[in-house]
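Accompanying notes for the structure given below.
The values are calculated or read from the model by the stated rules, or taken from the named source; none is laboratory data. Since the model is a prediction, treat every value here as computed from it, not as a measurement. Here the Cβ is made from the backbone with ideal geometry for all residues, glycine too, and neighbour counts use every protein chain on show. Heads up: the accessible areas ignore ligands, DNA and RNA and are worked out on the full protein's heavy atoms, side chains in. Shrake-Rupley method; radii C 1.70, N 1.55, O 1.52, S 1.80 Å.
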Amino acid sequence: QVQLVESGGGLGQAGGSLDLSCAASGSVVSVNLWSWYRQGPGQQRELVAQITRDEVQNYQDSVKGRFTISRDNVLHIVYLQMNSLKPEDTAVYYCSADVLAVGRETYRTYWGQGTQVTVSP
């Protein structure tokens, strides 16, 4: 059984910073692609950032230069450092990971439960 547990988030101010992390636990052999998504009020879930196992990063245009995704391949954790926050960054943030679990031969995508980020003007 694999679980993704997110932490961080909460209330931030415009121009400020918040950090998110997400840890994969359970019968994890390896994690391939890590991703952060977000879903704002009344909006569809959208991709924020991704990082491959080789640490190639990809960002949504609106967060480029402000957010940084990183990973720990030993502890199976992904981080999202969010700087220069804007009110439009307010959303529930979800992590996802392509995980190879013990006893399996293929990777499967798992999701975290989501963590609220609220940015005040």
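How do the peptides 53-66, 33-46 rank, highest first, by the average count of neighbouring beta carbon atoms within 10 Å per residue?
33-46, 53-66
Length gain on complete extension for the stretch residue 44 to residue 62, per 0.36 nm per residue less the alpha carbon to alpha carbon distance?
The span from residue 44 to residue 62 would gain 4.9 nm if fully extended.
State the percentage of accessible surface on the chain attributable to carbon and sulfur atoms; use a 1.4 Å probe and exclude ligands, DNA and RNA.
That share works out to 46 percent.
Excluding residue 62 itself, what net charge comes from residues whose Cβ is under 12 Å from its Cβ, given Lys and Arg +1 and Asp and Glu -1?
My count for the surroundings of residue 62 gives 0.
Taking the Cα centre as origin and putting +1 on Lys and Arg beta-carbons and -1 on Asp and Glu beta-carbons, what dipole magnitude results for the chain, to the nearest 20 debye?
My answer is approximately 100 debye.
Per residue, how large is the accessible surface of segment 35-83? Use a 1.4 angstrom probe and give square angstrom.
56 Å²
So how long is each side of the chain along the principal axes, counting just the alpha-carbon atoms, biggest first, in Å?
48, 25, 23
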